[in-house]
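Colleague: I am attaching a structure below and will ask some questions about it afterwards.
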Amino acid sequence: MEQTIKIGWLFNNSFNLHGDRGNLLAVLAEGQRRGYQVLVEQINLDTKCFNPMDFDFLFCPPGEIEHFEAAAAFLEPHRKVLMDYIETRPMLVTGTSVAIFGESITRDDQSTIRGLGIIEVVTRENHAVYGDDLYYSCQYNGKEMDIVGSQIQMIDLEIKEESPFGRLKYGYGNNGETKFEGVISGKGIFTNTLGPLLVCNPWLTEEIFNLIETNRNWPIWEDHRDNSLELKSFKTKLAHIDKKETRLKKISER
């Protein structure tokens, strides 16, 4: 009997910026390559029954800030379960939507939105949008890797007690003032990286699936995919990035 993996896609009918649904296509393709049936369930504001623990992987794409208050209110009853979820299970939150899971969001007009407080970060809406390439090193599921992508920065993140997901080699990162990129909490990835992340960096997609298999007590898939095309693309992007100058205001390790 074919084994099934269940994916939860948060707010797909309102969070649809930057083509980040490509991350789901990457997850579907990797699951099918490994011989699994991959089911995607859409979770929206009108969803009546939502239990994070029903899913092997949760994905939240970038959205407009005006929708964040409603999204946070929907997720608030599940806050504790989500905190338990990311202790062992993979979750990916990309772009602006990282702010929903932080403590607070300060808008450009100085109004504030209360976040879920699942990660200890505070966020501020930028007066002007910043876009550029993004290149950093990170570790996930015990594997060191380099990541390349892009970012369209509508918000700045300030990490309080959390660990950054990546260390910048090029790009703006969380706020243009440190080498921090995103946040990692347990197995939850909260990142500025667009691209889409899992299409451009299939080595991360593989580790997410390795973690899913571990959580299910299934054998880790040993038939490694051919990433030669993606590696060529990666090197081409790096050759372009190497010719650019960072716009970081200052480099800090704090």
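Derivation of every value follows stated rules applied to the coordinates shown; laboratory data play no part. Since this is a predicted model, take the numbers as computed values, not measurements. Here the Cβ is made from the backbone with ideal geometry for all residues, glycine too, and neighbour counts use every protein chain on show.
Colleague: How many angstrom lie between the Cα centre of the stretch 131-183 and the Cα centre of the stretch 22-77?
Modeller: Going from one Cα centre to the other spans 22 Å.
Colleague: Spelling out what I want: for every residue of the stretch 62-69, take phi, set θ = phi - 60°, compute 6.51 cos²θ - 1.76 cosθ + 1.60 (Karplus), and round to whole Hz; glycine and proline get x.
Modeller: Per residue, the Karplus-derived 3J(HN,Hα) values read x, x, 6, 4, 4, 8, 5, 4 Hz.
Colleague: What full-extension length gain, to one decimal in nm, is calculated for Glu161 and Glu76 as 0.36 nm per residue of separation minus the Cα-Cα distance?
Modeller: Working it through step by step, the gained length comes to 28.5 nm.
Colleague: Shifting gears a bit: What is the calculated FRET efficiency for Glu66 to Val129, with r their C-beta to C-beta distance and R₀ = 22 Å, to the nearest 0.05?
Modeller: 0.90
Colleague: At 0.36 nm per residue, minus the direct Cα-Cα distance, what do Thr88 and Met145 gain on full extension? Give it in nm, one decimal, please.
Modeller: This chain segment gains 18.5 nm when fully extended.
Colleague: Which of Gly35, Pro77, Trp9 sits farthest toward the positive end of the charge dipole of the chain, with +1 on the Cβ of Lys and Arg and -1 on the Cβ of Asp and Glu?
Modeller: It is Gly35, whose Cα lies furthest towards the positive end.
Colleague: Between Leu25 and Gln37, what length comes free when the chain is fully extended (0.36 nm per residue of separation minus the Cα-Cα distance, one decimal in nm)?
Modeller: Computed gain between Leu25 and Gln37 is 3.0 nm.
Colleague: If you only keep lysine pairs separated by 8 or more in sequence, or across chains, how many in the stretch 4-241 come under 17 Å at the Cα atoms?
Modeller: 7
Colleague: Follow-up. If I model a spin label at Arg107 and Lys48 as a point 7 Å from the Cα along the Cα→Cβ vector, what separation in nanometres do I get?
Modeller: 3.2 nm
Colleague: Assign unit charges at the C-beta atoms only (+1 for Lys and Arg, -1 for Asp and Glu), then state the dipole size of the chain relative to its Cα centre in Debye, rounded to the nearest 20.
Modeller: Roughly 420 debye, rounded to the nearest 20.
Colleague: Any idea what the dipole of the stretch 125-174 comes to, in debye rounded to 20, about its Cα centre with Lys/Arg Cβ at +1 and Asp/Glu Cβ at -1?
Modeller: For the stretch 125-174, the charge dipole is close to 180 debye.
Colleague: What size of dipole, in debye to the nearest 20, comes out for the stretch 1-108 about its Cα centre when the only charges are +1 on Lys and Arg C-beta atoms and -1 on Asp and Glu C-beta atoms?
Modeller: 300 debye
Colleague: Moving to a separate point now. Given H placed on each backbone N at 1.01 Å, which residues far from Ser104 in sequence or on other chains put an amide H within less than 5 Å of it?
Modeller: Gly115, Thr123
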